Amino acid sequence: IVALFVFSIGFRYLPLSLLERLFYSRFIFWGVAVFLFFYAVKVEKQPLLIWEKKNSDASFFIIAVFVLYLISFACGIVSAIPRLLGFHESDAVIKLVRKILTGHDGLIIFMSLTAGVTEEIILRGYIMTRLALLIRNPYLAVIVSAVLFSALHYSFQSLQEFIFAFLIGAVFGLFYLKYRNIKILIVVHFLVDLISLELATHLLKK
């Protein structure tokens, strides 16, 4: 997680356009995920995902994806409460990212896929499970991983984004704690990012 922060900050000082930074910085997440895989296998001598997945059929998968997406939508509404109560924050970074991504559907898909796969593997699959073993309190591990997930979104400089990421992190963490199915979380995370970015950029065109 420290590597993600360090490299993300370092990318700001490279002579690249914002669009190029958005693209190349995604490989940091893939690199960390691959590193954790080899670290788990070679050093820890155990699988990357130490929680064995509980059996579930196709209907459970579909229903879980649908319900988690609806909960994610509700989290978005809750995260907007400070704004509705009059709290003013800058949307400059978010608006700039949306403007840069407009017309780049391929990059949006790549970024959404990267977030869905790598962030779930790193935050839920690896960090949360190891924290649960270390502090012997799985619910505290869920909260800590949600805080770290929220912190990963610091670059947006948005309280609403922080709250949304924390709520999503907590919901996803609780789901993983109960059902141990990382694939469902990856799919939902991918859909949340993809749909929100596609809607935002296409609305911006208008």
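The values are calculated or read from the model by the stated rules, or taken from the named source; none is laboratory data. Bear in mind the structure is a predicted one, so any value in this text is a computation, not a measurement. Because the Cβ atoms are built from the backbone with ideal geometry, glycine has one as well, and the counts that use them run over all protein chains shown. With ligands, DNA and RNA removed, areas are computed over all heavy atoms of the protein, side chains included. Shrake-Rupley method; radii C 1.70, N 1.55, O 1.52, S 1.80 Å.
A compact table of results
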read-out	value
Neighbours by Cβ (under 7 Å, 6+ apart or cross-chain): first from segment 85-113, under 17 Å from ASP193 (Cα atoms); second open to solvent by 80 Å² or more (accessible area, probe 1.4 Å)	VAL93/GLN157; ARG98/LEU204; LYS99/LEU204; THR102/LEU204; THR102/LYS205
Sole residue being aliphatic (A, V, I, L, M) and out of contact with any helix residue (DSSP H, G or I) (no Cβ under 6 Å at 6 or more places or on another chain), chosen from LEU167, LEU84, LEU131, LEU185	LEU84
Residues of segment 54-64 classified as in contact (Cβ under 8 Å) with a residue 24 or more places away in the chain, farther than 24 Å from LEU152 by Cβ and open to solvent by less than 100 Å² (accessible area, probe 1.4 Å), total	2
Segments classed as helices (runs of 4 or more DSSP H), wholly inside segment 81-165, with at least 1 members that are surrounded by 15 or more Cβ atoms within 10 Å (Cβ to Cβ) and of a type in the set (Gly, Ala, Ser)	105-114, 129-135, 138-151
Residues being assigned to a helix (DSSP H, G or I) and either modelled with pLDDT of 90 or more or among the polar types (S, T, N, Q) (or both) - total across segment 28-52	15
LEU197 being in contact (Cβ under 8 Å) with a residue 60 or more places away in the chain and part of a helix (DSSP H, G or I)	yes
Filter result for ALA74 (part of a helix (DSSP H, G or I), touching a Phe, Trp or Tyr at 6+ places or on another chain (Cβ under 8 Å) and modelled with pLDDT of 95 or more)	no
Where a residue in segment 21-43 is more than 30 Å from VAL93 (Cα to Cα) and small (Gly, Ala, Ser) and its partner, wherever it lies, is part of a helix (DSSP H, G or I) and open to solvent by 80 Å² or more (accessible area, probe 1.4 Å), with Cβ under 7 Å and at least six apart	none
